[in-house]
Amino acid sequence: MVFNLGKVVKGPRNKSLVLSVAFVLLTSIFPTAHAQDPATSNSKSQIKVVGGATVPISYAPWQVALLNISRTGRGDWDKQFCGGSIISQNWILTAAHCLGGGVSVGNLRVLSGQAVLNTKRLSSNLATVKSIVIHSSYNSVTNVNDIALIQLTNPLSLKPGSVELIQIPSSKPLPASAGRISGWGYTWPNDGNSPGVPVLGQVAYPSELMGGAVSILSDATCLGALGNEFDQASMLCAQGGINNQGIVIDTCYGDSGGPLAVIASGNWFLAGVTSWGIGCGWTTPGVYTNVSNYKLWIEAKISSKNPQAITFSPPSSLTLAQSPFTLTITSSSGLSPIISSNTLLVCSVSGVTLSLLSTGMCNLSANQNGNGIFEAAPTISRNISVLNTLTSQTISFSPPASLLLSQSPYILSISSSSGLMPVVTTQTPRICSIVGFNLTLSALGKCSLTVTQAGNVEFAPANPITVDINIRRR
């Protein structure tokens, strides 16, 4: 059975992010209920993500919540109205339509690093805002150029898995690319003119972050579904599958400004900013600002690039038998550094895999060229001594045959031929105990000690030594 619903009112998606799922069969039509301005309204009548599932912040660690602290209510949940994405430690990318109306620098706050909005109080880690940059050609009627930047007063502290940057792409994602949406928006599917269809087991306004998978659609498909309201240069559209409740995964009111992320070559890119749609989780795809179209605009507005540094501490030596060896290297920007070998007869590198070819000194260089937001990192050089086999080592330890109880504590003299620190343990803790090389005598009898040295990438483990010391009264 097919229902002719007629033209549905187009609307922005700013209040809270919710993954929308549309029912395949619709059995009723609801009375009109016009949405209020998301930033200034004191009502939670805006719509969020529909059809998605609760997710941890690690699902989208670049996700932030925008809060208007002038709104009534006590907690984050009451004051959240839009989302955004962390593109640098100082800048958040969001939708232009989120920052109109009653939003100002003074009452805007940014919440990062957490998936749950506090319902009773404001979180203590809210970031204040230094400036707002709305695209000068933003059109609130057509939603063209629906993009804006928020500059933070102080840089965010990045934390893997909870506060991370997302990169700006250079091109529009290909049709059928897998995308990831997230936010705190309304969760009930609706046609844009009605309150929405209640979903069993799903609250309309979640305090927990919601997420879901969508697929990027071709421009031709978007035009066919949305008509001339879809601008191919400044927009892209996406739609999710149907979940087990028969609802189409989609963003909705309140998800505005939040991310549509895609992954390429192991890195996450911000393909879209949640912008507008005809209903939520209904019959048409959601529309997102095409971020790649604004790459140069973003770079120009963020005039001062952020510095970055490379962290690279390979072992000082390796043996040929340890090839291939996986190197660990990171950059503070989150961009992938590049490692190259300057001694190709000794070693070669592919990605982070080091191949050892012969004995000698392996010299590696690491660099990261930066992008529109980050400066190039200073190049660093590291040397690794490539050995044929591990060098043997011996322990030197000649304690006295006996000690008086009154001589406690007694400092032992121990060394290894490798220069590595030996480890001493006691086999008779009732008689004696050891911390480092400090021997404490507790009772009369035989104090039995064992000395070991485990070696490293250059030296083999030393043969252990066990000695006995007689503890006497006089």
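The values are calculated or read from the model by the stated rules, or taken from the named source; none is laboratory data. Owing to the predicted nature of the structure, the values given are computational and were not obtained by experimental measurement. Ideal geometry is used to build each Cβ from the backbone, glycine not excepted, and the neighbour counts take in all protein chains shown.
Some notes on this structure:
- For the stretch 289-311, filtering for residues that are surrounded by 19 or more Cβ atoms within 10 Å (Cβ to Cβ) and hydrophobic (A, V, I, L, M, F, W, C) leaves 4.
- Lone qualifier among I384, I380, I373 - being more than 24 Å from T326 (Cβ to Cβ), of a type in the set (A, V, I, L, M) and touching a residue at least 12 places away in the same chain (Cβ under 8 Å): I373
- Count of the stretch 46-80 residues which are modelled with pLDDT under 85, crowded, with 24+ Cβ neighbours inside 10 Å and not polar (S, T, N, Q): 6
- Which listed residue is polar (S, T, N, Q) and touching a strand residue (DSSP E or B) at 6+ places or on another chain (Cβ under 7 Å), from S317, S350, S313: S317
For (1) within 18 Å of T221 (Cα to Cα); (2) among the polar types (S, T, N, Q), each residue gets a yes or a no:
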{"position": "I247", "(1), (2)": "no, no"}
{"position": "G254", "(1), (2)": "no, no"}
{"position": "G257", "(1), (2)": "no, no"}
{"position": "T284", "(1), (2)": "yes, yes"}
{"position": "Y288", "(1), (2)": "yes, no"}
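- Residue check for N154: over 18 Å from the mean Cα position of the chain (by Cα), assigned to a loop (DSSP other than H, G, I, E, B) and buried (at least 19 other Cβ atoms within 10 Å of the Cβ): no
- Residue pairs meeting the criteria (Cβ under 7 Å; at least 6 apart or on separate chains; first under 24 Å from N90 (Cβ atoms), in the stretch 130-144; second acidic (D, E) and buried (at least 19 other Cβ atoms within 10 Å of the Cβ)): Y138/D146
- Check on V451, at pLDDT 95 or above, under 49 Å from the mean Cα position of the chain (by Cα), not in a loop (DSSP other than H, G, I, E, B) and not assigned by TED's automatic domain parsing to the domain that holds P315: yes
- Test result for I434, farther than 30 Å from W297 by Cα and in contact (Cβ under 8 Å) with a residue 40 or more places away in the chain: no
- Checklist (1) in contact with a Ser or Thr (Cβ under 7 Å, 6 or more places away or on another chain); (2) not assigned by TED's automatic domain parsing to the domain that holds T440 applied to S408, failing item: (2)
- Residues satisfying the stated conditions in the stretch 113-129, i.e. over 28 Å from N267 (Cβ atoms) and in a strand (DSSP E or B): T128
- Residue, farthest from H135 (Cα to Cα), within the stretch 56-112, restricted to residues that are more than 21 Å from the chain's Cα centre (by Cα) and among the hydroxyl-bearing types (S, T, Y): T72
- The listed residue being in the same structural domain as L117 (by TED's automatic domain parsing), under 17 Å from A300 (Cα atoms) and either at pLDDT 95 or above or not hydrophobic (A, V, I, L, M, F, W, C) (or both), out of I166, I150: I150
- Lone qualifier among S88, S70 - being in the same structural domain as I247 (by TED's automatic domain parsing), in a loop (DSSP other than H, G, I, E, B) and farther than 28 Å from G212 by Cβ: S70
- Any hit, the stretch 346-357, residues being surrounded by fewer than 16 Cβ atoms within 10 Å (Cβ to Cβ), more than 27 Å from E458 (Cα to Cα) and of a type in the set (G, A, S): no
- Residues being closer than 25 Å to N363 by Cβ and in contact with an Asp or Glu (Cβ under 9 Å, 6 or more places away or on another chain) - total across the stretch 290-332: 6
- The stretch 342-358 residues that are farther than 13 Å from I384 by Cβ, paired with ones that are buried (at least 16 other Cβ atoms within 10 Å of the Cβ) (beta carbon under 7 Å, 6 or more apart): L345/L357; V352/L327; V352/I329; V352/I339
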